[in-house]
Amino acid sequence: MKQTMEKEIRNTEERAHPDAGGSLLNPQKGAEILNMLKRGAEFTHELLRENEKLRYAAARLQEQNESLRKRTENAVARSEIEGMERKLRTLTEENSKLLERFSEVEKENGDFANKYVEIEQENNMLANLYISSYQLHSSLDFNEVLRIIMEIIINLIGAEQFALFLLDEKTQILKAVASEGIDLEDIPSFTVGETIIGNAVKSGESYYSEDTAAKEPLDMADPLVCIPMKITERVIGTIVVYKLFQQKDSFTKLDYELFYMLAGHAATAIFSSKLYTESERRLSTIQGFIELITK
Amino acid sequence: MSRVLIVEDSPTMVQLLVFIIKKLRDVEIDTANDGANGLKKLSEGRYDLVLTDINMPLIDGLKFVSLLRNDRSNGNRDVPVIIITTEGEESIMEEGMKLGANSYITKPVNSQRVIETVRKFINA
């Protein structure tokens with residue numbers, strides 16, 4: 001555009017000065033030049049307007065550009081934020097999963113600890129039962145067997161006053177043969193089918209009083225526990241507990257297991273020791289008789 | 001290795017106490033069936049702990065503790081002693097502690113209680 005204007009001015013000048021020597025312009029040519037200058041001015045104004053428009057358009061474009069840049073930046077930031085939010089969600093999920101797993105492991109740990117305590121108790125119980133049955137069958141001496149039964153009842157069950165009764169099958173009378181905490185002479189005999197003790201022996205079922213506190217005054221017919229000693233279904237006697245140690249206020253699972261074990265094993269131990277003692281006595285009688293004959 | 005002496009006349013209790021205490025690491029267990037035998041063993045070898053029953057024939061647990069603590073010639077005179085009693089009465093335990101016992105366990109024995117009490121006196 002600048003070149004066009006310069007060209008136009010040169011043309012006007014040539015027309016105003018046709019020869020190098022130059023001559024004065026006539027009025028017509030002057031008007032023409034004036035007109036041309038007017039048109040040039042108008043053209044210049046037009047150019048200026050155009051320029052203004054272009055500057056405005058450029059400014060608009062710059063604004064748009066700025067806006068686009070910001071939007072792009074925002075989009076990038078938003079995308080980053082979204083990415084971080086996704087990561088945060090993933091981490092939160094992982095965290096809650098880990099917490100869940102942790103509480104599961106903690107629970108399992110607690111279960112294992114409880115199981116360990118249970119196994120330890122079970123182990124202790126089995127040891128008590130093993131030792132009791134081992135001791136019960138360690139002797140064939142009747143008095144020794146009675147002593148072992150009493151030892152088990154004192155040391156492993158924790159009874160302070162109790163008695164062992166044996167049944168006379170002919171008379172159906174239960175007679176005390178050993179006792180702890182009570183004089184043997186003070187213990188009465190009981191008939192099968194009468195009182196708690198007699199009924200327990202008749203039915204063959206163990207009796208447990210609901211209240212484990214010792215009865216005052218002591219009633220020999222009203223015990224805390226009555227355990228019939230049986231070989232299969234044949235009752236040979238009974239263990240009767242009247243009082244527990246002061247520090248023992250209830251029966252444990254171990255106590256019931258020991259009573260159950262005693263019901264069977266004490267019976268066989270007593271029965272076999274009696275048979276052995278009897279056979280020994282008979283053997284000695286026979287030997288004495290043979291010696292008498294052979295002399 | 002810690003050496004533990006069990007002074008107890010009941011074979012059932014001895015067997016049970018041995019079963020419980022042998023679960024501990026580095027423990028050697030010796031037994032004596034009455035107080036006199038217990039004192040004899042204590043005058044012969046080194047022990048780190050003694051468990052004694054109260055109710056024993058001839059020399060009972062209380063007498064045993066008293067004799068041990070007053071025997072200046074015994075190398076185990078100051079050995080820790082745990083008394084085992086059927087009595088729940090405070091007075092019996094107090095008497096035992098006054099005579100020189102260090103702790104007590106009541107019957108029927110609880111394995112956990114035995115382990116805890118023994119561990120107070122030996123590293124096992």
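The values are calculated or read from the model by the stated rules, or taken from the named source; none is laboratory data. Predicted model only: the values in this text are computed from it and were never measured. No Cβ is skipped: glycine too gets one built from the backbone with ideal geometry, and neighbour counts run over all protein chains shown. We work out accessible area using only protein heavy atoms, side chains counted, and drop any ligands, DNA or RNA first. Shrake-Rupley method; radii C 1.70, N 1.55, O 1.52, S 1.80 Å.
The table for this structure:
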read-out: Filter result for B:ILE92 (within 20 Å of A:ILE154 (Cβ to Cβ), assigned to a strand (DSSP E or B) and either open to solvent by less than 20 Å² (accessible area, probe 1.4 Å) or hydrophobic (A, V, I, L, M, F, W, C) (or both)); value: no
read-out: Filtered residues of the stretch A:109-135 (kept if in contact with a Leu (Cβ under 9 Å, 6 or more places away or on another chain) and either facing another protein chain (nearest Cβ under 9 Å) or assigned to a loop (DSSP other than H, G, I, E, B) (or both)); value: A:GLN121, A:ASN124, A:ALA127, A:ASN128, A:ILE131, A:SER132
read-out: Matching entry among A:ALA127, A:ALA113 (being more than 26 Å from A:LEU262 (Cβ to Cβ) and open to solvent by less than 80 Å² (accessible area, probe 1.4 Å)); value: A:ALA113
read-out: Answer from A:SER132, A:SER139 - the residue that is of a type in the set (Ser, Thr, Tyr) and open to solvent by 10 Å² or more (accessible area, probe 1.4 Å); value: A:SER139
read-out: Which listed residue is modelled with pLDDT under 95 and either open to solvent by 10 Å² or more (accessible area, probe 1.4 Å) or within 14 Å of chain A (Cβ to nearest Cβ) (or both), from B:ILE29, B:ILE54; value: B:ILE54
read-out: Contacts under 7 angstrom Cβ, first residue in the stretch B:92-109 being among the aliphatic types (A, V, I, L, M), partner part of a strand (DSSP E or B) and open to solvent by 40 Å² or more (accessible area, probe 1.4 Å), 6 or more apart; value: B:MET93/B:TYR104
read-out: Number of the exception - B:ILE83 against (1) hydrophobic (A, V, I, L, M, F, W, C); (2) touching a strand residue (DSSP E or B) at 6+ places or on another chain (Cβ under 7 Å); (3) more than 17 Å from A:PHE245 (Cβ to Cβ); value: (3)
read-out: Residue within the stretch B:96-107 that is more than 13 Å from chain A (Cβ to nearest Cβ) and closer than 30 Å to A:ILE119 by Cα present; value: yes
read-out: From the options A:LEU126, A:LEU174, A:LEU140, residue that is aliphatic (A, V, I, L, M) and modelled with pLDDT of 95 or more; value: A:LEU174
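For (1) hydroxyl-bearing (Ser, Thr, Tyr); (2) more than 14 Å from the chain's Cα centre (by Cα), each residue gets a yes or a no:
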site	(1), (2)
B:LEU5	no, no
B:ALA32	no, no
B:LEU49	no, no
B:ILE54	no, no
B:LEU58	no, yes
B:SER73	yes, yes
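Here is a yes/no grid of residues against (1) farther than 14 Å from B:VAL4 by Cα; (2) not in a loop (DSSP other than H, G, I, E, B):
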site: B:ALA36; (1), (2): yes, yes
site: B:LEU67; (1), (2): yes, yes
site: B:SER73; (1), (2): yes, no
site: B:VAL79; (1), (2): no, no
